[in-house]
Amino acid sequence: MDVTPNFLEAEWGTFIAAIQSGRADIALAGSFATVARAMAVDFSKNVMWIGSSVLVRKADVHKWKTLEDADRPGVRFVTGEGSALHERLKKTLKNGQIVALPPGTSPANMALAVLFNRADVYLQDDWLIRKLVSEHKEAVEMPAYKDKPWNLNAVSWAVAKNQSAMLNVLNVAIDRLTDNNMLQQWDEKYGAHWLYKKDAFYQPGKA
């Protein structure tokens, strides 16, 4: 585009407001395209799919087989306040307790909340879960989600409403990244497996 970008930080709960207020022109983070958000901003084509996984203490790995199985009274689920996963947990859990930490709390500190017994379950991007498990010997990924993430979220870029010219530029950029196989190359380089096929995710009740 022959422009110099100016990067602004925003929390998960405020990046839509940054677009709406004009403080930012494009949200390039992992913004999940939801119906509620689409009423406030316009989303580009899907850039990638992000699946989730679950971190628990190694000592607890046999207590629950799945996230839904862990949804029991007294089981604490840690998440970041205002995040898309926070909203998903509120809709999913019927009996478990949500421990919502302040926006901006790092994934490492979320994991420590579990390891220090301030929470029991941590739901997050599966690539981050695997990274955290590799860094903490007392942490383990819930077996049901290894190479088969819980849920899939479409990730897009966002612009303010009625910015059709900017949205067109972003969609063309996504086509070029896809056509030139650059997203796949980054996927392979970082081992993130962002480009899941839509059928490669965990479905409750299926092995």
Among the residues that make up the stretch 22-35, is at least one of them over 22 Å from residue 118 (Cα atoms), of a type in the set (Asp, Glu) and either free of Cβ contacts under 8 Å to residues at least 60 places away in the same chain or in a strand (DSSP E or B) (or both)? no
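Restricted to the stretch 126-147, and to residues that are outside any helix (DSSP H, G or I), out of contact with any strand residue (DSSP E or B) (no Cβ under 8 Å at 6 or more places or on another chain) and of a type in the set (D, E, K, R), which residue is nearest to residue 115 (Cα to Cα)?
Step one: filter the stretch 126-147 for residues outside any helix (DSSP H, G or I), giving 136-142, 146-147.
Going one step further and asking which of them are out of contact with any strand residue (DSSP E or B) (no Cβ under 8 Å at 6 or more places or on another chain), we end up with 136-137, 147.
Imposing the further condition that a residue be of a type in the set (D, E, K, R) reduces the set to 137, 147.
Numbers: 137: 10, 147: 23 Å.
Among residues in the stretch 126-147 that are outside any helix (DSSP H, G or I), out of contact with any strand residue (DSSP E or B) (no Cβ under 8 Å at 6 or more places or on another chain) and of a type in the set (D, E, K, R), the one nearest to residue 115 (Cα to Cα) is 137.
Residues that are assigned by TED's automatic domain parsing to the domain that holds residue 81, touching a helix residue (DSSP H, G or I) at 6+ places or on another chain (Cβ under 9 Å) and either among the β-branched types (Val, Ile, Thr) or not in a loop (DSSP other than H, G, I, E, B) (or both): does the stretch 92-99 have at least one? Don't jump to the end; show me each part of the working.
The initial filter retains those residues of the stretch 92-99 that are assigned by TED's automatic domain parsing to the domain that holds residue 81, namely 92-99.
Next, from what is left, pick out any that are touching a helix residue (DSSP H, G or I) at 6+ places or on another chain (Cβ under 9 Å): 96, 98-99.
Remaining after also requiring either among the β-branched types (Val, Ile, Thr) or not in a loop (DSSP other than H, G, I, E, B) (or both): 98-99.
Among the residues of the stretch 92-99, at least one is assigned by TED's automatic domain parsing to the domain that holds residue 81, touching a helix residue (DSSP H, G or I) at 6+ places or on another chain (Cβ under 9 Å) and either among the β-branched types (Val, Ile, Thr) or not in a loop (DSSP other than H, G, I, E, B) (or both), which makes the answer yes.
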Out of the residues in the stretch 1-45 meeting the condition of being polar (S, T, N, Q) and more than 18 Å from residue 164 (Cβ to Cβ), tell me which one is surrounded by the fewest Cβ atoms within 10 Å (Cβ to Cβ). 4
Check on residue 75, closer than 27 Å to residue 178 by Cβ and not aromatic (Phe, Trp, Tyr): no
Report, by residue number, each residue of the stretch 55-91 that is under 12 Å from the mean Cα position of the chain (by Cα), in a strand (DSSP E or B) and touching a residue at least 60 places away in the same chain (Cβ under 8 Å). 80
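The values are calculated or read from the model by the stated rules, or taken from the named source; none is laboratory data. From a predicted model like this one, the values you see are computed outputs, not experimental measurements. Glycine gets a Cβ as well: all are built from the backbone with ideal geometry, and neighbour counts include every protein chain shown.
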